[in-house]
Amino acid sequence: MKLDFLFFKNKKPETSLLWGYLSYIIIGLLLLSIPWFRMSDISIIDNLFTAVSAISTTGLTTISVVDNYTILGQIVILVLIQIGGIGYMSFGSFIVLSTSQNLPENRENVHKTAFSLPKDFNIKKFIKSIVIYTFLIEAVGAVLFLFSLWDDPRVNPVWSSIFHSISAFCTAGFSLYNDSFMSYTGNIYLNTVVSILSFLGAIGYIVMVDLWLLFKKKKNKITFTSKIILVTTFILFFLGGFLIFLESVLKTNFSSNTLLQSFFQSMTALTTVGFNTVSIGDLSSFSLFIILILMIIGASPSGTGGGVKTTTITSIIGTIKTVFSSNKEFINYKQSNKIEEFEDEKNHLITKITHFFHKIRGKDSSEKNDFHKLEEKEKNDTNVKLEKTLGDIFKIKIMNKTIPFDRIVHAFATFAFYFIILSFGILLLLTMDQFSFQQLFFEAASALGTVGLSTGITGAMTPFGKTVIIILMFIGRLGPITFGIVLFSRKRKKQSLEKYEDIVI
């Protein structure tokens, strides 16, 4: 607990998350390097790759887990998956809440950042719920797995059931079978169990808590966020599965298992779980493209999956629809009386601050400090009013609900920065690894989206290529926006009132 506390003491939540995950990666690397935890000599880069893939719940591997790690090594990998799945601080916070009713404010802030929660969210009740629900769902999942894996002689069925249940719910995609679940490609029961566990992990803890309260009749309807997540997830799942299946039908390249395979691969890409029942490298370019889109979109906020998130895509689609609609209020925003009122208020504020500055010129520093505090307060109040004004004018509606303007900005920033990172990663891979653009694009998207699907090139990549994939997996687990804040944040400078300039788009 002491060590855990040091990770986020006096640090920004985003920085605390970065250092926290790095510390667990190092611990995992050291443990996997111990002879008792491995069956053969494994290079540092491959052990590091495995540790990062586990903590990021990706599932990409350069070596076989079952053939190279002992049961102790497999336990280390599973613990890293669990830590990565529900957040590295959740266990510690759960213990604290079990003995006390309070969490330090900075610890609460880190949790809210890790799970993309609103500032006013009840984090204490949330942490207790996710830990209990996680273990309960994984326990039930292990029992369900056991019915199907009992006769599989490759791995101890009890251990295999526990391992795959946790891996599925945490959308990690790690498997003790070298062919993932290709041996079970026509097994409807096992495909269904994997899909349900993966969906429960991918939709996010907020939705699970929401649905549980609805089931217990403690509330009459689910929240708007949960509604968006559920609707978007199932539309994308069925659309992706249908398109993959349709291509097989049109090419007359289908069998009795094609429908099941199509929807399973749609599920595994969208939830970012990364299991496969077919050889990904043998899929057509069309199917790979559909899977690629689903991997980039990914799961939902506060869940165990990666990607840009379903809510981000929904917000962007809502904005595009608004921009290209005949909404005169949106298009002709310059003519809005609200903007004119805000401009008048801003000019009045500038005059007031300037007048006050002249009054205190030459006075002692304490009075000047009071001035700066007043200036900061006035600017903050003005920014709040500006945001409300923009929100009134730029009415981005989804399902007849208006989305706050700052959420729209956040969505576009996430989407843009995600593609910048992805593009840079692909560019680096193209300079060193001798694989096709399609293969490297797919591998990079799978790593950044923490998916774990591969066309079969992971183990054959150069040390440089593996390092690039490691970095992409880590950024994917941290989240592009969190990573961006850590990367670009600096000590805040005193800001002056700035004039807004128009730009042609």
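The values are calculated or read from the model by the stated rules, or taken from the named source; none is laboratory data. Because the structure is predicted, anything quoted here is derived from the model rather than measured. Heads up, the Cβs are rebuilt from the backbone with ideal geometry, glycines too, and the neighbour counts pull from every protein chain shown.
Can you tell me how many residues within region 413-462 are in contact with a Lys or Arg (Cβ under 9 Å, 6 or more places away or on another chain) and charged (D, E, K, R)?
Adding up the residues that qualify gives 0.
Condition first: free of Cβ contacts under 8 Å to residues at least 12 places away in the same chain and either buried (at least 21 other Cβ atoms within 10 Å of the Cβ) or within 30 Å of Arg407 (Cα to Cα) (or both). Can you find one or more residues in region 289-307 that meet it?
Checking region 289-307: at least one residue is free of Cβ contacts under 8 Å to residues at least 12 places away in the same chain and either buried (at least 21 other Cβ atoms within 10 Å of the Cβ) or within 30 Å of Arg407 (Cα to Cα) (or both).
Scan region 268-284 and give yes if some residue there is in contact with an Asp or Glu (Cβ under 9 Å, 6 or more places away or on another chain) and not hydroxyl-bearing (Ser, Thr, Tyr), otherwise no.
yes
Name the pairs: first residue in region 22-44 and more than 19 Å from Lys466 (Cβ to Cβ), second residue of a type in the set (Val, Ile, Thr), Cβ to Cβ under 7 Å, at least 6 apart or on different chains?
Tyr24/Ile55; Tyr24/Ile83; Leu31/Val76; Trp36/Thr70; Phe37/Thr70; Phe37/Val76; Met39/Thr70
Per-residue answers, yes or no, for (1) touching a helix residue (DSSP H, G or I) at 6+ places or on another chain (Cβ under 7 Å); (2) without any contact (Cβ under 8 Å) to a residue 12 or more places away in the chain:
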residue: Leu146; (1), (2): yes, no
residue: Trp150; (1), (2): yes, yes
residue: Pro153; (1), (2): no, yes
residue: Pro157; (1), (2): yes, yes
residue: Ser161; (1), (2): yes, no
residue: Phe174; (1), (2): yes, no
residue: Tyr189; (1), (2): yes, no
residue: Gly204; (1), (2): yes, no
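Wholly within region 1-70, which helices (runs of 4 or more DSSP H) include no fewer than the required count, namely at least 2 residues that are at pLDDT 95 or above?
Counting at least 2 such residues, we get 13-33, 44-55, 65-68.
Cβ-Cβ below 7 Å, separation at least six or inter-chain, first residue in region 264-283 and without any contact (Cβ under 8 Å) to a residue 40 or more places away in the chain, second assigned to a loop (DSSP other than H, G, I, E, B) and buried (at least 24 other Cβ atoms within 10 Å of the Cβ): which pairs?
Gln265/Asn276
I'd like the full set of residues that are touching a residue at least 60 places away in the same chain (Cβ under 8 Å) and under 18 Å from the mean Cα position of the chain (by Cα), limited to region 444-467.
Ala445, Ser446, Ala447, Leu448, Gly449, Thr450, Val451, Gly452, Leu453
Can you pull out the helices (runs of 4 or more DSSP H) entirely within region 261-377 that have at least 3 residues that are modelled with pLDDT under 55 and out of contact with any strand residue (DSSP E or B) (no Cβ under 8 Å at 6 or more places or on another chain)?
Those helices (runs of 4 or more DSSP H) span 328-331, 337-360.
May I ask you to list the residues in region 15-72 that are within 23 Å of Met295 (Cβ to Cβ) and touching a strand residue (DSSP E or B) at 6+ places or on another chain (Cβ under 9 Å)?
If the condition is that a residue be within 23 Å of Met295 (Cβ to Cβ) and touching a strand residue (DSSP E or B) at 6+ places or on another chain (Cβ under 9 Å), then Thr50, Ile63 are the ones that fit.
If I ask for residues that are in a loop (DSSP other than H, G, I, E, B), under 25 Å from Thr414 (Cα atoms) and in contact with a Gly (Cβ under 6 Å, 6 or more places away or on another chain), which ones from region 451-479 would you list?
Within region 451-479, Val451, Gly452, Leu453 qualify.
Failed condition for Val131, given (1) surrounded by 14 or more Cβ atoms within 10 Å (Cβ to Cβ); (2) modelled with pLDDT of 90 or more, with all others met?
With (1) surrounded by 14 or more Cβ atoms within 10 Å (Cβ to Cβ); (2) modelled with pLDDT of 90 or more applied to Val131, the lone miss is (2).
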